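All remarks here apply to the structure that follows.
Read-outs: derived from the displayed coordinates by stated rules, not from any lab. Treat the numbers as computed from the prediction; the structure is a model and nothing was measured. In this analysis, Cβ positions are derived from the backbone assuming ideal geometry, glycine residues included, and neighbour counts consider all displayed protein chains.
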Amino acid sequence: MTAADFGLLVLRLALGLMMMAHGYNKVKGGLDGTGRWFESLGMHPGWLHARLAACTELGAGLLFALGLLTPAAAAGIIGVMLVAGLTDHRGKGFFIFRKDQGWEYVMIIGVAAFAVACIGAGKASIDHGLGLDVEGWWGAAIAGIGGVGAAALVLALCYRPAPSSAKAS
């Protein structure tokens, strides 16, 4: 295993396990409460989005950590992060450490997932072991088009934020 393969393994494990922790937190904290939070963001129906987000974070995170179907897993991560960025973090500035939770966090997660899809999962992956390596422009296309397309579809079908005047009251 090369240093690059080891680096990809560390990145995949860190990012994949972190995504799984986010999904688990949604389940553990109660999907009904998570659903109400999604509703407050304008994602309708909230109960459905709580379950979709939790399942995507758990499933894509696991696949990404294992290096299995890596570009598709990256697409799942990109899609979730893009929806989060546009519904919860947009308009709150760049930095996450600010009270209003800017968009730097979701952006870097999505970019890291995209980069791994471009580079490939590496030799320490199930993809490599099964001969399913997809990298380069194909990995980029699957992750980028899949993630952005899924996010666009979810937002077009389900994002209905309250008008600005309704939020103030």
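Once amide H atoms are built 1.01 Å from N in the peptide plane, which residues 5 or more positions from Gly120, or in another chain, come under 5 Å H to H?
Residues meeting the criterion, in which the H sits 1.01 Å from N, are Gly136.
Based only on other Cβ atoms within 10 Å, what is the fewest-to-most ordering of Thr2, Thr56?
Details: Thr2 10, Thr56 22.
So the ranking, lowest neighbour count to highest, is Thr2, Thr56.
Which residues among region 102-123 fall inside the zone where the amide N is under 19 Å from a point 7 Å beyond the Cα of Phe95, along Cα→Cβ?
Within reach of a label on Phe95, which here means backbone N under 19 Å from a point 7 Å along Cα→Cβ, region 102-123 contributes 102-109.
If amide hydrogens are placed 1.01 Å from N in the peptide plane, which non-local residues have theirs closer than 5 Å to the one on Leu69?
Asp127
Report the charge-dipole magnitude of region 9-161 in Debye, nearest 20, computed about the Cα centre from +1 at each Lys and Arg Cβ and -1 at each Asp and Glu Cβ. Write down the numbers at each step before the final one.
Values: 11 positive and 9 negative charges, 76 e Å.
The calculation lands at about 360 debye.
With the radius of gyration and the Kirkwood radius both derived from the Cα set of region 12-58, what is their ratio Rg to Rh?
Numbers: Rg = 10.8 Å, Rh = 10.5 Å.
Across region 12-58, the Cα-based Rg/Rh ratio is 1.03.
I'd like the Karplus ³J(HN,Hα) series for region 144-158: coefficients 6.51, -1.76, 1.60, θ = phi - 60°, whole numbers in Hz, and an x wherever there's a Gly or Pro.
The phi angles translate into x, 5, x, x, 5, x, 5, 4, 4, 5, 4, 5, 5, 7, 10 Hz.
Let me see the P(r) profile for region 1-125: every Cα-Cα distance counted, bins of 5 Å, each bin given as a percent of all pairs.
The calculated distribution, bin by bin, is 2, 12, 19, 21, 20, 14, 7, 3, 1, 0.
Which value at 222 nm does the chain reach when only helices count, each DSSP H run of 4 or more adding -39,500 (n - 2.57), with the total divided by all residues and rounded to the nearest 500 deg cm²/dmol?
Details: 8 runs with 121 residues, N = 169.
It lands at -23500 deg cm²/dmol.
Please compute the net charge surrounding Val116, taking Lys and Arg as +1 and Asp and Glu as -1 over other residues with Cβ under 13 Å from its Cβ. All intermediate terms of the calculation are to be shown ahead of the outcome.
On the way: positive: Arg12; negative: Asp5, Asp127, Asp133, Glu135.
Local charge sum for Val116: -3.
Taking amide H atoms as placed 1.01 Å from N in the peptide plane, list the residues 5 or more away in sequence, or in a different chain, whose amide H sits under 5 Å from that of Met43.
Amide H neighbours of Met43, under 5 Å, 5+ apart: Arg160.
What does the charge add up to near Gly139, with Lys and Arg as +1, Asp and Glu as -1, over the other residues with Cβ less than 14 Å from its Cβ? The partial results should precede the final answer.
Values: positive: Arg12; negative: Asp127, Asp133, Glu135.
Every neighbour counted, the sum reads -2.
What is the distance, in nm, between label points placed 7 Å from the Cα along the Cα-to-Cβ direction at Leu157 and at Asp5?
4.0
Along the charge dipole of the chain, Cβ charges K/R +1 and D/E -1, which of Val111, His44, Gly144 sits furthest on the positive end?
His44
Arranged by the count of other C-beta atoms within 10 angstrom, fewest first, what order do Ile96, Ile142 take? Each step should come with its number before you reach the end.
Numbers: Ile96 16, Ile142 19.
By the 10 Å Cβ count, ascending, the order reads Ile96, Ile142.
Give me the distance between the Cα centres of region 34-55 and region 102-169, rounded to whole Å.
After rounding, the separation between the Cα centres reads 18 Å.
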